[in-house]
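Engineer: Handing you a structure now.
The values are calculated or read from the model by the stated rules, or taken from the named source; none is laboratory data. Quick caveat, the model's predicted, so the values are computed rather than measured. Here Cβ is always computed from backbone atoms with ideal geometry, including for glycine, and neighbour counts include all displayed protein chains. Accessible surface is based on the protein model in full, side chains and every heavy atom, while ligands, DNA and RNA are left aside. Shrake-Rupley method; radii C 1.70, N 1.55, O 1.52, S 1.80 Å.
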Amino acid sequence: MFDSLLMDLMFVIVIGVGSQWIAWRTRMPAIVVMAIAGLLVGPIFGLINPQQSMGDLFGPIITFAVAIILFEGSLNLDFKEIKGFGRPVARIVTIGAFIAWIAGSLAAHYIAGLSWEVAFIIGGLFIVTGPTVILPLLRQARLKPRPAAILKWEGIVVDPFGALLAVFAFEAIKFINNEVTMKTMLLFVGASVFSVVLGWGTSRILGSAFEKGRIPEYLKAPILFGLVLFVFVLSDEIMHETGLLAVTAMGMTMANMPLTTLQDIRHFKENISVLLISGIFVMLTASLDPHILIEILNPKIVLYVLAMLFVVRPLSIWLSTIGTDLTVREKTLIGWIAPRGIVALTVSGYFATILLENGYKDAELLTALTFALVFSTVVVHGFSIGWLAKKLNLTTPAENGVVLIGSSRFTAELAKSIQEADHQVLIMEESWGGLSNARKLGIPTYMGDILSEHTGYHLDLTPYRYILAMTKMDTYNSHVCADFTPDLGRDLLFQTMTHKRSADRQINLSTGQLLFTPNLSIHELEERMTSGYVFRKTLLTNQYSYTQYLRERDDQSILLYILRANGDMEFYTAEKELHAQTGDTIVTLSTPNKTIERTMDRLEGKNSKNTAKKEMIETKFLEEQPNEKPELPGEAPPKISKTE
């Protein structure tokens, strides 16, 4: 419909990014939304056809996108992260991948009717399970730690190597068919080794330049982007297809280097990868010929997809994990979940072009075959993982853990009080120095950005129910709450009050529920801590009700949360009035002067020398400790001279 190249590019970007946003809002897998959008604007309604409008540029754009996507995947391969998962992960990513390759190739030949050459190439590619697809599914299903970890790391480790295995199969088959000589095969092996060295050396040199300050901050992302493409093109010009190996080696090397700027690098690749993934996936689906959609319903393709779902995947998992400590239930779940993602479809299109150029006519089926497998696995596994995990009792129970975003003295003390109530806590901060307050109190910490895709790869958030955004940046707090609203719901997302300067500008930055009563900004809470405020816990009893507590409490105290008798927590907010019962504990931030005043009232009302001595000890304890112990049920309620 549109003949303008600029119009087609605009449509691709808008539709791709818009699909990502719709997927975020509806909690659907992004690949499903992008596939539907691409099909609607492409083969169904014929609004755009990027392959026709872009002409010769279509192939290079796809190729560059594949290089960046593979670099993005390999940049997450920090092997220290998988040491604790033991033999199951090692078996699945080696023996399991090999079995999946052979079995998938046999299915492609005997069921889908592909030639041996094309079958073994596509069989190698389809060992990938797509971390960009599986991670949202894991968050949604709330699996137990071990099966979730195995699925996550399988996706990360295997994903970059699927294309490499397809390249190896392509060259090996040409050698077997005498299309290339031994000299050519050795040249390919030598070029592959050179590609690894090129990627490794480039990363080492670039990493050293980053650490020594030889590249300014504003040029790091552009230089990295340029070097990824340079390494890919140079290697690919020396020997076709080895560019994929070079960028993978480059990303893996950089992921395992102790770079202080690695977090900034990951921000770069996340932003560019989201844009590329969105655009390229829409380009591929929008460029499909209408007859391919009909071809998807081909009985051979349908049977092939069923074989991959119900035979190849379970077989590879069950055989590769023989002798490991995985249970039958874990093998069943892992053997079912294997969604293919963006990399499978983009690299498949890349190889379809190459194979057609080399005379393999049956490669025309690759796009339809890949799209059928990708779409089927994402939809089927996306809607079944939660149900199957519950049936197999592999989901985590409803947890009441708390993630506190932003490290300060107040957040550290708040986390300590929550931890003392036997709830899991985690404080997240982007700088190591900023976490010093939490480390001093022995609070679990994580240095990173909760909005980062890298955090999703390396941090399991399933034990945590609540997110409290309490950094000194109001906009960031709002972004955190907005980003997690589709996953958790607004009832579990909280943020501190907008700072006065932001409020004066009449900027509405509140996305999560505003914390505490009264609502205070993190700056004001920190000021209270500096002036000597302490955390105080008050246990409600039959003699001391919640009504009496509210009537007699210090009017300068800040109501933080209620610890229920059954262990649940509820935070005070501006939107909901809480009620407490006997056995509940009220946690507040109170003035130290009022604590001393309460103790003096007790001393005046009692004549016993032993009791007075006890109160003096308690006073000294309260002055020295940040958290006051809860009052025991048998104690008389305190006499307070001031009321609200």
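Engineer: Take the range 431-475 and flag every residue that is touching a residue at least 60 places away in the same chain (Cβ under 8 Å) and among the aromatic types (F, W, Y).
Structural biologist: If the condition is that a residue be touching a residue at least 60 places away in the same chain (Cβ under 8 Å) and among the aromatic types (F, W, Y), then Y457, Y464, Y466 are the ones that fit.
Engineer: Could you tell me whether the range 365-379 includes any residue that is within 24 Å of the chain's Cα centre (by Cα), in a loop (DSSP other than H, G, I, E, B) and not small (G, A, S)?
Structural biologist: Looking for residues that are within 24 Å of the chain's Cα centre (by Cα), in a loop (DSSP other than H, G, I, E, B) and not small (G, A, S), one finds none in the range 365-379, hence no.
Engineer: Picking from I405, I385, I427, which residue would you name as being touching a strand residue (DSSP E or B) at 6+ places or on another chain (Cβ under 9 Å) and under 30 Å from I36 (Cα atoms)?
Structural biologist: Of the residues listed, the single one that is touching a strand residue (DSSP E or B) at 6+ places or on another chain (Cβ under 9 Å) and under 30 Å from I36 (Cα atoms) is I385.
Engineer: Among L244, L227, L206, which is more than 22 Å from S452 (Cα to Cα), modelled with pLDDT of 85 or more and open to solvent by less than 30 Å² (accessible area, probe 1.4 Å)?
Structural biologist: Sole residue among the options that is more than 22 Å from S452 (Cα to Cα), modelled with pLDDT of 85 or more and open to solvent by less than 30 Å² (accessible area, probe 1.4 Å): L206.
Engineer: Let me ask you something else. Of the residues T462, T471, which is in a loop (DSSP other than H, G, I, E, B) and at pLDDT 90 or above?
Structural biologist: The unique qualifying residue is T471.
Engineer: In addition: Look through the range 551-590, keep the residues that are among the aliphatic types (A, V, I, L, M) and touching an Asp or Glu at 6+ places or on another chain (Cβ under 7 Å), and return whichever of them is farthest from G512 (Cα to Cα).
Structural biologist: The qualifying residue farthest from G512 (Cα to Cα) is A565.
Engineer: Any idea which of L9, L106, L57 is surrounded by 16 or more Cβ atoms within 10 Å (Cβ to Cβ) and modelled with pLDDT under 85?
Structural biologist: L9
Engineer: Here's something else I'd like to know. Considering the range 342-400 alone, what residues qualify as being surrounded by fewer than 22 Cβ atoms within 10 Å (Cβ to Cβ), over 14 Å from L288 (Cα atoms) and among the polar types (S, T, N, Q)?
Structural biologist: N358, S376, S384, N393, T395, T396, N400
Engineer: Quick one: which helices (runs of 4 or more DSSP H) sit completely within the range 525-644 and have at least 2 residues that are open to solvent by 10 Å² or more (accessible area, probe 1.4 Å) and modelled with pLDDT under 80?
Structural biologist: In the range 525-644, 592-604, 609-624 are the helices (runs of 4 or more DSSP H) which contain 2 or more residues that are open to solvent by 10 Å² or more (accessible area, probe 1.4 Å) and modelled with pLDDT under 80.
Engineer: Filter the range 114-139 down to the residues that are at pLDDT 90 or above and surrounded by fewer than 24 Cβ atoms within 10 Å (Cβ to Cβ) and list them by number.
Structural biologist: A119
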